[in-house]
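Everything on this sheet refers to the single structure shown next.
Bear in mind that the values in this text are calculations on the coordinates, not laboratory data. Values in this document were obtained by computation on a predicted structure and should not be read as measured data. Ideal geometry is used to build each Cβ from the backbone, glycine not excepted, and the neighbour counts take in all protein chains shown.
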Amino acid sequence: MSEKGRRILRFAVQLAVIAALVLIDRAIKNLVYEKLAGAGTLTIVEGFLGLSYAENTGAAFSLFSSSTTALTVFTGVLILAGLIGLIAVKNKPLVYDICIPLIIAGGAGNQLDRLTRGCVIDYIKTLFIDFPIFNFADCLITCSCFAIIIYLIIDIVRDAKKKPENGGTDD
């Protein structure tokens, strides 16, 4: 298979993964909406994890909750930029090929909520610490961003070890 064929196939797989994750996110949020709205907190693991219906008009930690339109536009631009990056950038590290589609899927899942419901449905509640309620899409975004950050730190350390200790000059 040619390089172009491999890139097209990789992008098709990435789009399929994005679509599948968005569908999973939508299914979970619909179930949560039907079963948990107004029901209080359902404990999953005592003292650790629960499910609790919440509506968030903003982004993480309810930031920008008074700017839903701007947040919607900004998220749309980021999703589009991510898709363009998947197509346009040829030699990406594998971590980008895996994580960028997950970030796009998470952003698209929350974006669909904003566009169809006017808010994002959150439902995962930590019981061991007072932390904002979040959702599957948020997990996709957060875990993928952390994976990229860890990759970048490792890459920086690896590059620093390759440089000679005397700053690159031979004395």
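Roughly how many nanometres apart are two label points built 7 Å out from the Cα toward the Cβ at Val45 and Val95?
Each label point is offset 7 Å from its Cα along the Cβ direction, giving 2.5 nm.
Within 10 Å, count the other beta carbons around each residue, average over each peptide in 118-128, 32-42, 104-114, and list them highest first. Present the calculation step by step, with values, prior to reporting the outcome.
On the way: 118-128: 18.3, 32-42: 12.8, 104-114: 23.5.
Highest to lowest by the protection proxy: 104-114, 118-128, 32-42.
Simple spin-label model, 7 Å along Cα-to-Cβ: Ile153 to Arg6 in nm?
Taking the simple label geometry, Ile153 and Arg6 are separated by 3.1 nm.
If we sort 74-81, 44-51 on the protection proxy, mean other Cβ atoms within 10 Å, highest first, what's the order?
Details: 74-81: 13.8, 44-51: 12.1.
Final packing ranking: 74-81, 44-51.
Most exposed first by the Cβ proxy, i.e. fewest other Cβ within 10 Å, how do Ile18, Ile8 rank? Provide the component values of the computation, followed by the final result.
On the way: Ile18 25, Ile8 13.
So the ranking, lowest neighbour count to highest, is Ile8, Ile18.
If I model a spin label as a point 7 Å beyond the Cα along the Cα-Cβ vector, how far apart are those points for Leu78 and Leu127 in nm?
Placing both labels 7 Å beyond Cα along the Cβ direction yields 3.1 nm.
Specify which labelled value, from (1) 1.35; (2) 1.28; (3) 1.00, agrees with Cα Rg over 2.2 N^0.38 Å derived from the coordinates of the model shown.
Answer by label: (2).
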